[in-house]
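A.B. asks: Please find one structure pasted underneath; my questions will follow.
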Number of protein chains: 2
Amino acid sequence: MPFTLIDLQNVIRDTYGDKDRRRGIEGTFMWFMEEVGELSAALRGGTKAELAAEFADVLAWLATLANGAGVDLEAALLEKYGHGCPGCHKSPCTCAAAEKP
Amino acid sequence: MPFTLIDLQNVIRDTYGDKDRRRGIEGTFMWFMEEVGELSAALRGGTKAELAAEFADVLAWLATLANGAGVDLEAALLEKYGHGCPGCHKSPCTCAAAEKP
């Protein structure tokens, strides 16, 4: 069963839309950062299940921010990363190490 | 044309896999955070195109981290957010404001 970024943005809107609108972008960004911190901790020493859950939480709060900002995440990805490296337009990337190490 | 998280993780692996392995998780996390900072700036006053590009960059570096950690982002999302709010299992969420404001 697929669960795309479009699904995620819809699920987050249906499940949390009212709360998200009341909280606003600034408050939502603080919650997003809290989850980023938890992801950092999991990357240092979490189990595989903890890691997966923290990645999901970061994505969920990123989807909340995107909903608030009116951005379609899947379209944004296709635009920037759908045609090779955005810097050199090659795959694998051939950008100099100073630019993209 | 869809561009799913599975597509993203594959594109990132094909395009940057060698560089990503050499840089490691710690260095990649610093690049991820730089993009998070740029997203914060765009949310405060960016154009719609700048916002979309910064969301894409945050997602791309998150995919790099997930590749390094061996996490399938789409599966992680389905597991945690595929069945309503992870707290109350309802949609819309009915968690108390103290827990999920």
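A.B. asks: Just checking, does segment A:90-101 include any residue being among the acidic types (Asp, Glu), closer than 27 Å to B:Gly45 by Cα, without any contact (Cβ under 8 Å) to a residue 60 or more places away in the chain and assigned to a loop (DSSP other than H, G, I, E, B)?
C.D. replies: Yes, some residue in segment A:90-101 is among the acidic types (Asp, Glu), closer than 27 Å to B:Gly45 by Cα, without any contact (Cβ under 8 Å) to a residue 60 or more places away in the chain and assigned to a loop (DSSP other than H, G, I, E, B).
A.B. asks: Separate question: Every residue in segment A:24-48 that is open to solvent by 50 Å² or more (accessible area, probe 1.4 Å), more than 9 Å from chain B (Cβ to nearest Cβ), in a helix (DSSP H, G or I) and over 15 Å from B:Val36 (Cβ atoms), please.
C.D. replies: Listed by number, the residues that qualify are A:Ala41, A:Gly45.
A.B. asks: Count, please, the residues in segment B:24-46 that happen to be of a type in the set (D, E, K, R) and either more than 12 Å from B:Asp57 (Cα to Cα) or at pLDDT below 95 (or both).
C.D. replies: Matching residues across segment B:24-46 total 2.
A.B. asks: Okay, moving on. With surrounded by fewer than 17 Cβ atoms within 10 Å (Cβ to Cβ) and out of contact with any Gly (no Cβ under 6 Å at 6 or more places or on another chain) as the only criterion, which of A:Asp20, A:Asp57, A:Asp14 stands out?
C.D. replies: Matching residue, one of A:Asp20, A:Asp57, A:Asp14: A:Asp14.
A.B. asks: Follow-up question, since we're still on this one. In segment B:49-87, how many residues are assigned to a loop (DSSP other than H, G, I, E, B) and free of Cβ contacts under 8 Å to residues at least 12 places away in the same chain?
C.D. replies: Residues meeting the conditions: 4.
A.B. asks: Can you confirm whether segment B:50-62 contains a residue that is more than 7 Å from chain A (Cβ to nearest Cβ) and among the small types (Gly, Ala, Ser)?
C.D. replies: No, segment B:50-62 contains no residue that is more than 7 Å from chain A (Cβ to nearest Cβ) and among the small types (Gly, Ala, Ser).
A.B. asks: Any idea which of A:Cys93, A:Cys88 is over 19 Å from the mean Cα position of the chain (by Cα) and within 7 Å of chain B (Cβ to nearest Cβ)?
C.D. replies: The unique qualifying residue is A:Cys93.
The values are calculated or read from the model by the stated rules, or taken from the named source; none is laboratory data. Bear in mind the structure is a predicted one, so any value in this text is a computation, not a measurement. Note that each Cβ is placed from the backbone with ideal geometry, even for glycine, and that neighbours are counted across all protein chains shown. Side chains included, ligands, DNA and RNA excluded: accessible areas come from the protein's heavy atoms. Shrake-Rupley method; radii C 1.70, N 1.55, O 1.52, S 1.80 Å.
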